[in-house]
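Undergrad: Can you read through this structure? Questions will come right after.
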Amino acid sequence: MSKLIHKKKEILSNMRVARNAFQLANGLMFAGKKKVNQGMCLVMPVDEDVKFGASVTMFFCFSSMDIIFVNTEFKVVDKVTLKTWVPNYTPKQACKYVIESSKGKFKDVKIGDSVKIEF
């Protein structure tokens, strides 16, 4: 399990990490509230920031979610709250990490902020 830290405050303490193709494709689809609250970090399988590979879908997600997109320098480059069944969202800028959790979880995180991910 991993941690997400923002301004020395632990936002997610038991975050799951997705690295393989199956995990990346599924993200938090079909997940219950407990897993959504726990959060998930999708790690893009390339060494640079990507934009289109970091797209997310809310198909088969049963509650709204906050999503932050973080680049290789651990800066938040985009942030969005998506409702259920949104077919596609592509971040405004390229990123390496896509972090999903329950709506409101990232309320204090702003675009341009630095975060720390402890794997």
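Undergrad: In the neighborhood of residue 7, defined by Cβ-to-Cβ distances under 12 Å, what is the net charge if each Lys or Arg adds +1 and each Asp or Glu adds -1?
TA: Around residue 7, the surrounding residues sum to +1.
Undergrad: Highest first, please rank the peptides 68-81, 102-115 by the mean number of other Cβ atoms sitting within 10 Å of their residues.
TA: In decreasing order of mean packing, 68-81, 102-115 become 68-81, 102-115.
Undergrad: Take peptides 58-67, 44-53, 11-20 and line them up by average Cβ neighbours within 10 Å, highest first, as a rough protection proxy.
TA: Working: 58-67: 18.4, 44-53: 12.8, 11-20: 16.1.
Taking the mean over residues of other Cβ atoms within 10 Å, the ranking is 58-67, 11-20, 44-53.
Undergrad: If you don't mind, there's one more thing I want to ask. Tell me the net charge near residue 93. Cut-off is 12 Å between Cβ atoms, residue 93 excluded, with +1 for each Lys or Arg and -1 for each Asp or Glu. Let's see the in-between values first.
TA: Values: positive: 51, 75, 79, 92, 96; negative: 49, 73, 78.
Neighbour charge sum, excluding residue 93 itself: +2.
Undergrad: Right, another one. Can you compute the modelled spin-label distance between residue 34 and residue 86, with each label point 7 Å from Cα toward Cβ, in nm?
TA: Between residue 34 and residue 86, the simple spin-label model gives 2.7 nm.
Undergrad: With both partners inside the chain, how many of the DSSP beta bridges are antiparallel, as a percent to the nearest 5?
TA: Numbers: 27 of 30 bridges.
Antiparallel: roughly 90 percent of the beta bridges in the chain.
Undergrad: List the lysines whose Cα lies under 22 Å from the Cα of residue 34, skipping any in the same chain that are fewer than 8 positions away.
TA: 3, 9, 79, 83, 103, 105, 107
Undergrad: Okay, moving on. Tell me the mean residue ellipticity at 222 nm calculated for the chain from its helices only (DSSP H runs of n ≥ 4, each -39500 (n - 2.57), averaged over every residue, nearest 500). Could you put the intermediate results ahead of the total?
TA: Values: 2 runs with 12 residues, N = 119.
Value at 222 nm, helices only: -2500 deg cm²/dmol.
Undergrad: If Lys and Arg each add +1 and Asp and Glu each add -1, what is the summed charge of the other residues whose beta carbon sits under 14 Å from the beta carbon of residue 63?
TA: Charge balance near residue 63 sits at +4.
Undergrad: Moving on to the next point. For log10 I(q)/I(0) by the Debye sum over Cα atoms at q = 0.12, 0.14, 0.20, 0.22 Å⁻¹, the choices are (i) -0.43, -0.58, -1.10, -1.26; (ii) -0.35, -0.49, -1.09, -1.37; (iii) -0.53, -0.67, -1.16, -1.34; which was calculated from the structure?
TA: Correct label is (ii).
Undergrad: Next question. Using a simple spin-label model with points 7 Å from Cα along the Cα→Cβ vector, what separation in nm is obtained for residue 103 and residue 64?
TA: The modelled label-to-label distance comes out at 0.3 nm.
Undergrad: Moving on. Place a +1 charge on the Cβ of each Lys and Arg in the chain and a -1 charge on the Cβ of each Asp and Glu, then give the dipole magnitude about the Cα centre in debye, rounded to the nearest 20.
TA: Working: 20 positive and 11 negative charges, 100 e Å.
Using only the charged Cβ atoms, the result is roughly 480 debye.
Undergrad: Continuing with this model, one more query. Can you list the residues, at least 5 places off or on another chain, whose amide H is less than 5 Å from the amide H of residue 42, using H built in the peptide plane?
TA: The answer is 18, 98, 99, 100.
Rule-based calculations on the coordinates, nothing more; no lab input. Quantities reported herein were computed from a predicted structural model and do not represent experimental measurements. When we count neighbours, we look across all protein chains shown, and the Cβ atoms used for this are built from the backbone with ideal geometry, even at glycine.
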